[in-house]
Structure formats: structure tokens, C-alpha cells
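Step one of this worksheet: look at the structure below.
What follows is calculated from the coordinates using simple rules that are stated; it is not laboratory data. Computed from a prediction, not measured in an experiment: that's the story for all the values here. Note that each Cβ is placed from the backbone with ideal geometry, even for glycine, and that neighbours are counted across all protein chains shown.
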Amino acid sequence: MNLDVKPITYNLSEEEEKKEIVRQYRALLRCLKPKLKQGDRELLRLAFEMAADAHKTMRRKSGEPYILHPIAVARIAAEEIGLGVRSTICALLHDTVEDTDLTLEDIEIAFGPEIARIIDGLTKIANVVDTNTTQQAENFKKILLTLTDDPRVILIKLADRLHNMRTLDSMKREKQLKICSETVYVYAPLAHRMGLYAIKTEMEDLAMKYLEPETYKEIARKLSETRRERTRYINEFIRPIKEGLQKAGLKTEVYGRPKSIHSIWNKMKNKGVTFEEVYDLFAIRVILDVAPEKEKEDCWKAYSMITDMYIPSPERLRDWLSNPKSNGYEALHTTVMGPQGKWVEVQIRTKRMNEIAEKGLAAHWKYKEGTADENRFDKWFTQIREALTQDVSSIDFLQDFKTSFLAEEIYVYTPRGDVKMLPVGASALDFAFSVHSAIGSKCIGAKVNHKLVPISHKLRSGDQIEIITSNKQKPTEDWLNFVITTKAKTKIKDALKEQKRKIGEDGKYTLQKKMEDMGASFSRANIDEVTAFYKLASPLDLFYQIAVKNIDLKEMKQDMQLVGDKLVIPKPVKAEPEVKHHEADTHKISNKKDNELIIFGESSDRIVYNLANCCKPIPGDDVFGFVSTGKGLIIHRTNCANAARLMSNFGHRVVKTKWAKNKEISFLTGVKIVGLDDVGVIHKITNLVSGELKINIAALTVEAKEGVFEGNVKLYVHDKEELDELVNKLKKLPGIESVERYDTELV
Ligand code: MN
């Protein structure tokens, strides 16, 4: 769903600009109209005028007046997320406290404490990207903290991010990459978790457009080429369903569900298949207009009619009517066999469910009363709040958050039939900790559906779990590998710390005696000094290391000086560990990064770089440099599986990089060729590669099965141009089905 804001040319006169601003503001008012109560119009006007005035000297990168951005964000909030007047006011003002002379007090005086609080939340998390800090993970934690205060903050933030994504064209390439990877890494999953599917999809598509421009264009082109054919098929499929439902007296809307470019690409990547193999996976949606008390009944009625017409696949029935997802999603999904033997996914839901699916949280509030499950979100927020109060580093937290809160969840049962919600991938041990931390730490195994399993056993939806405990059991380091929930991780770490502390008691006593023998007092300052002397992180570690006899305190006695009763580390200290030097180097590179372009690939090159093993870039690929600790500059492809994580967690270490023309060095890459197993096919391939194109083959393996062969060729090329030429020529050979470059590590 795109805003119909036409890009305007920015050499408009001041007068024309003003008109455009007012026009956009009126459009915003129109979509709020049904929600306006007395006095709202004036408040909105005030917010608009305050924001317009505050931003009046500012312009966006594209040259347009800045105020058009808050208006657009407000419109997304109102129209696409379904938020109300107060949120719209906040959206209009969202950048004022951060970027202009307006203060929080000004806003509180004009609009009261509720709106001021939301603006405050928005200001605290203000532009994670624009501040150009290293603290994106820390910022993310802040975002979630405000989320638990008032979810409207995050919804407006998502609207803000969506508009920035829609207007990314005028940004510098480097910034586009950063914003995009952060969007796919954090904001799109967050939108998904809030149930905002349309926004999530658009964010992913937009990000892909910049991160993976070629593939994006290619899929878009192929989609438009096949559109007519696909529409015809869907219409043919839908016609009998429409007629049948109408005859049965059900008020429905039935339509084909468009697939996003990003989702097609995902499927191609995950399943390792071509566009042609996924593009005609169809999905349709049946939306029923029914009274609340007949929702479930009518959905199943529609299901039964449709599966009378088309044969359903029994294992593909998903019932989110009886057990909605925790982000509020309710629907009935099934997959049936359509004409020409094609599988078609059918989603059945009511108008109310559809609104929740599209507008997520906001719609959820609207319908909150009367749903059986009204505190599902509240539960989620409580879990987040719990996780946030734990003392973990921001980056760990972000990783944990993604696995434990953003993942889809499974439902499992206690022996008494209570339902527990856990993230996908959770183990029996996670379950034990979710019941109670005392049960978790004594867990020695479990019975899943009455069968004995180890604590690491991965659970599946519908499992019934009985935990077996023993009083002798104690958590160990490796337990951390068995759990994915934040709660379990934190509790295990706490227990390990506690064990360490207990063992450390002995060490503490030993240290006290040794220090007193030397004439030093057993003071906190002295203990800290000794900790620093042994380069340990905390006194707890020091006591522990002494207790397990990794340290015998000889060096302390020999090398530390006694001043009065104080212990002092003698100077000069031991040579700095080597890593430090690397860090210094690293810094030098990263400091230059803002304006400087690193050109590499030339033989005269002075910058040491390495090509990432995970994606094996070659000249001509879209790449970025990552300043690693210790290994210098590492070049990744922008579509590398690791890129998003690197760019969003370590944005400050990302360096813009570009290839220089180079014909001297060649680079190892690989292609996978699939075709019909024909006599002489290998000869044809090698002939083309090394004969005609004079490319060096490093290795060639071929496997043939049932008339189809799959060849893997590793070869040395100079740049992407050369590789593209090779791929195109290979594709033209008779009998060749597909030729693809490896995206992953060469094996
Ligand atoms: Mn903004």
C-alpha cells in the first residue's frame, strides 16, 4: 500500500511549496475525519503549525521542505497503522524536540503530559542511524523499553522508518546500506511482531531494492512478465469458490494475494530453487463479513465448501482460529490442489481478523474488548520488561531478543494441560526454566509425550512435557548451548556465577592470608589492584582463579610494590597484549571512513584487505569493507548473509569500498550448473570455460542422477563482468537448465 504522494519537483517557488504543504496536510485530515471529536481539529492544526514553524528553515536531503516528512509519517500512522488523533499529533511533532528549538516543556504546555511523554520516548530513540553512533544495539534496547511504556511510541517509530525507507533515493549509498540493513535486522521483524504485515513486507521489499538491486529488478521484471498468466489462473481458481460461498449465503470477498518480491527471493534462497519454481505458488484470501458470534462457525463452513471443490493437503491445515498467534493473528490456512495440479494456499478469515492482520496492534486495541485473549500483548510486554531488567550487554540482548521474542512461537503443555508459549527452537530445558527457575536448575531430563528425552531436546507445538529433576543436579557452562530463551540464559548465568562465588570463597581466604603476610591490608582498593595486576575482569574471577589454582600469587609477592599498606602495580607494566595494536590500526581506518573511499583490487594497493570467506566477493560485486579486530579490512558482498548483522551492530566499522579496474589478479569463485545428463556435456563446459573464454578452472565435480547432472565448477575470474559473460554463455549451451553463482562458502 503506497501513499499517493507524488514526488514533486523541488525547484518550486515558495508559494507553490506552501500550497503543497497545505495540500498534504488536508489529505492527512481527510483520513482522520471519521475519528475527529470536538476540539481535535484545532489541536491537529496547532501541532501542524508548531511543527511547520519549528522546521521552517530545514530541508530533507531531496531538497523538499522538511515538514513534508512529519506529515507523511502522520499519514502512515493514521491511514496504514490506524492510529488516532493523539498519535497523529505526536507523529507531526516527532522530530521537533530532537532537531529544533522546541522543547518538551513547550509540547507539554500545548498538548499535555500524555503527548509529551510519547514525544519524549520518540526523542530518546531518535534516529538510531543519523546519530552515527556505535550504539545501535543500545538504542534498540531503549526502543523496547519505551515500547513497554506505551506501544504507540514504537508504532510511530515504525511509521517514521517506513517513510525514510520510501524516500531513501536521495541518500548516499553508504547510508542507504546502513539504514536498509538495520531495517531488515530490527524494524521489519518488529513490525512483524506487532502484527503489521503490510508494513513489514514493504520494508523488506524496499530494503532489498537497495541491498540487492540486481536481483530485485530481475524478479520484478519476471513478475510483471508473468502477471497476466497468473491473474488468469487465479480468476479461474476463484470463480467456483465465489459462486459457492454466495449460494450458501455467506458475505465474502475473495481475492488473490500478491507475493512480495522479497518473499519470492527468500524462498529461492532458502530452498535453492529458481524463480520459475516459485513464482506460480499461488495464495488466495477469503474474507468473511460475519457477526462476531458466528466467526468460527462460518470460517469452518467456508473451509468445508472450498475443500469440497479442491482436494486439500492434509498436513497443511493451520488453525489459528482456536489458537491465535501471540501477535494477534487469527485465520484458517489450508493448501489445496488447484487446476493443472498446482498447489494454492487458501487463507480464510473474517473482516475483523483481517484488520488485525493488516493493522496489528492498533486494530487489536480497537477490538480488545470481547476477545478471549485480551492480554496476549500484555504478556509479551511483560516478558520484554523482564528481559530488559536483566543485566546483559546490548549486543547479546539484541541477539537474544531476536531469537526469543521475534521468532514465531510454539505452544506446549504441562502434564496438567496448562499451555506455555515458547519461541520456535526452544528445548526441554527452556520449558523447565519457564515453569520455574528452581525446576530448570535441577532438570536432568524430560518426558515429551511420555517418551524420555535429554534436556537439549527441541520441542514442537502440541508437545506435552514432564520435567524430571534431581536435587544433585547443577547448571553447567554447556547448558547455555541448549537454551534460547532469555529467562533460561540469565538464570543459568546467575547460577554459574553463584557456583563460581562459592568456589571462590577458598581463594578469597588464601588471598587474604597472602596479602596480610606481605603487610598489605585486605581492602577493596588492594583487591582491585591485584585483580588489575592479573588482568582479570572482577575480584570474583580473581578469587575463583586462585581457588582453582590457576594463579599461585607468586607474581604478586615478587612484582607488586607495597606503599604503606597499599599494593601498587609497578611501572612500567608488562607489554600490552598484541591485540591492542590491531585495535589502534583499526581505529585509524575507521576514522577516515566518513568521506574516504577505499579503492582496492589494484596490485599497487597499500591497504591490507581480505576477501570474506562467507561470500567470496569478486571485482564488480556490490561490496562493503568491514574493519575487523585483528584481521584488518574484510570485504563482503552487500548481499552476504552476514552483512545485515555486521552493518547494524557495528555500523561504525563499515567502510565504503569500491573496486578498481584490475586485470592482473584473479579471484576464486564458483558456479553450480544443472542440466540434462548428456554425452559430452562436460566436454562442452570445459571447452567453453577454458578453451573459448580462457578462464582457469580450479576444480570441477559432477554428479549425475536419473538423467540430471549437477556440476560444481570452481574457477578464477578477474571480475564480475567476466563471470557474467561466462554464466550467460553457459546458459546458452544445449541441455543446460540453470547456472548459478555460489552465494555461500566454497566447499
Ligand atoms: Mn523522522
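When N is the residue count of region 420-494, what does its C-alpha Rg come to as a fraction of 2.2 N^0.38 Å?
For region 420-494, the normalised Cα radius of gyration comes out at 0.96.
Counting C-alpha atoms alone, how compact is region 494-568: give Rg to one decimal and Dmax as a whole number, in angstrom.
Spelled out, the Cα radius of gyration and Dmax of region 494-568 are 11.8, 39 Å.
For region 671-747 and region 456-510, write down the distance between their C-alpha centroids in whole Å.
50 Å
Give the calculated FRET efficiency between Thr231 and Ile503 to the nearest 0.05, with a Förster radius of 60 Å applied to their Cβ-Cβ distance.
Once rounded, the FRET efficiency stands at 0.30.
Could you state, as a whole-number percent, how many of the C-alpha pairs of region 14-211 are farther apart than 25 Å?
Of all Cα-Cα distances in region 14-211, 32 percent exceed 25 Å.
Highest mean first, what order results for 250-257, 164-171 on Cβ atoms within 10 Å?
164-171, 250-257
Based on the Kirkwood radius over alpha-carbon pairs, what value in µm²/s does the Stokes-Einstein equation return for the translational diffusion coefficient of region 667-741 at 25 °C and 0.890 mPa s?
202 µm²/s
So for region 19-83, what percent of the C-alpha to C-alpha distances run longer than 20 Å?
Beyond 20 Å sits 25 percent of the P(r) for region 19-83.
If you stretched the chain out fully between Lys513 and Arg173, how much longer would it get, using 0.36 nm times the residue separation minus the C-alpha to C-alpha distance?
Residue separation times 0.36 nm, minus the Cα-Cα distance, leaves 116.2 nm.
What is the extension gain from Gln473 to Asp289, computed as 0.36 nm multiplied by their sequence separation minus the C-alpha to C-alpha distance, in nm to one decimal?
60.7 nm
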